1. Which condition from (1) within 20 Å of A:LYS119 (Cβ to Cβ); (2) modelled with pLDDT under 80; (3) more than 9 Å from chain B (Cβ to nearest Cβ) is the one that A:THR82 breaks?
2. Looking at B:THR89, B:THR12, B:THR3, can you tell me which residue is modelled with pLDDT of 85 or more and polar (S, T, N, Q)?
3. Collect the residues in segment B:15-42 that are at pLDDT 85 or above and basic (Lys, Arg), keeping them in residue-number order.
4. Would you be able to tell me the number of residues in segment B:172-194 that are at pLDDT below 75 and touching a Phe, Trp or Tyr at 6+ places or on another chain (Cβ under 7 Å)?
5. Tally the residues that are at pLDDT below 90, more than 7 Å from every other protein chain (Cβ to nearest Cβ) and surrounded by fewer than 20 Cβ atoms within 10 Å (Cβ to Cβ), restricting the search to segment A:20-59.
6. State whether one or more residues within segment B:106-128 are modelled with pLDDT of 65 or more and assigned to a helix (DSSP H, G or I).
7. Just one of the numbered conditions (1) among the polar types (S, T, N, Q); (2) closer than 28 Å to B:VAL103 by Cβ; (3) in contact with a strand residue (DSSP E or B) (Cβ under 7 Å, 6 or more places away or on another chain) is not true of A:SER126; which one?
8. Can you name every residue in segment A:134-169 that is crowded, with 20+ Cβ neighbours inside 10 Å, at pLDDT 85 or above and small (Gly, Ala, Ser)?
Amino acid sequence: MTHPDPGDWPSADAALDDIDLQTLDGIREFFQTADPMPADLPERIRFSLALRDLEIEVAHLADEEDQAAVPVRGAEHSRTVTFDSASLTIMIRIDANADGTARVDGWLAPPQRREIEMKTVADPLSVTSDEQGRFAFASVPRGTAQLIVRPAGERQGEAGRSVVTPALIL
Amino acid sequence: MDTEGEEHGPVTVRANQPDRSARIASLVSAARAGDDDALGQIVTELSPLLWQVARAAGLSRGDAEDVLQTVWMRLLSHLDGIRTSMALTGWLVVTTRREAWRVRGAGRKLLPADQDWLSALPAAEPGSEEQVIMDDQRRALWTAMRQLPSRCQELLRIVAFVPRPDYAAVAAELGIPIGSVGPTRGRCLAKLRALLAGDQGENPR
């Protein structure tokens with residue numbers, strides 16, 4: 001590959017012209033094809049933002065190997081997802097119910113009693129974990145969902161923030 | 001701007017841009033007042049840009065999703081200081097980039113397997129004649145991009161997704177030198193153009 005003479009290079013100081021804009025269009029098209037954003041990501045973000053709660057701690061997917069599987073729609077088999085935040089690890093197992101809904105079993109670590117809300121495409125659901133940190137939603141509508149672990153009672157002063165998971169597709 | 005050229009793609013896009021800035025500004029002020037739908041429209045409009053920012057910083061697809069969720073949540077507490085489309089785009093790009101660096105610094109490997117877009121050379125066996133021309137253009141661009149320093153690859157990838165009226169703000173935030181009247185070509189784009197020009201007619205494939 002021969003390198004063009006530097007003297008022939010278009011000036012870096014010149015204003016953008018039509019060729020520049022076309023080149024940038026070409027780069028955009030290239031990456032839109034080579035590395036597209038997941039089509040449902042904006043919808044999941046909109047869903048999360050509806051919380052509008054500033055006193056939150058955001059949990060992240062803990063296991064990289066699982067990440068590709070999480071947004072997949074219509075996966076019928078059971079799967080396990082782990083979320084980590086600074087104060088809490090949330091593990092959930094998602095199973096398909098015969099009626100088309102999903103069953104979600106979860107565990108909190110360290111084990112503790114917390115109020116846990118599941119935002120769904122329909123009404124939010126609410127349960128409480130037991131002393132071992134276990135909780136279960138027997139029937140959750142398929143679609144976008146998000147877990148919110150509410151602050152514990154006042155006697156546990158330091159656990160004052162809600163922990164939310166990224167929105168996921170059940 | 002040039003209204004005569006509305007039939008032609010890029011010109012049409014630019015002709016619509018002033019409207020876009022005003023529309024984004026009003027969406028921001030509606031979002032600040034608590035309008036979730038306005039906020040949602042902003043998310044839909046700018047997430048594809050932020051996706052490329054996060055991926056260009058070397059994140060896996062899963063990490064990029066997490067970072068976008070985090071950045072948009074953080075925007076909620078910064079809306080008060082943001083009035084214009086330029087300020088919004090600039091803040092979002094810089095915050096996404098910083099958050100991406102933070103996540104990547106947390107012990108993750110530099111280049112995840114799904115990040116290797118450089119191996120995504122367009123298919124060599126094309127169908128139609130149009131496909132041949134398209135593939136040739138893409139291959140030339142891909143070949144030229146690959147020869148740029150990685151910093152230039154990242155910058156051009158980001159800037160290509162920035163709405164045009166916001167070029168100047170984003171360029172300034174990213175530390176790209178720009179002139180006093182508006183965005184200039186800059187070193188990266190000038191180099192890419194030189195490489196593309198140098199490739200013409202001498203590509204053995």
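The values are calculated or read from the model by the stated rules, or taken from the named source; none is laboratory data. Model, not experiment: these values are computed from the prediction. Backbone-built Cβ (ideal geometry, glycine too); neighbour counts: all protein chains shown.
1. Only one criterion is unmet by A:THR82, namely (2).
2. Working: B:THR12 fails: modelled with pLDDT of 85 or more; B:THR3 fails: modelled with pLDDT of 85 or more.
Being modelled with pLDDT of 85 or more and polar (S, T, N, Q) holds for just one of B:THR89, B:THR12, B:THR3, which is B:THR89.
3. B:ARG23, B:ARG32
4. Taking segment B:172-194 as the starting set, the residues that turn out to be at pLDDT below 75 are B:172, B:175-184.
Imposing the further condition that a residue be touching a Phe, Trp or Tyr at 6+ places or on another chain (Cβ under 7 Å) reduces the set to B:183.
The qualifying residues number 1.
5. 6
6. no
7. For A:SER126, the failing item is (2).
8. Correct list: A:ALA145 only.
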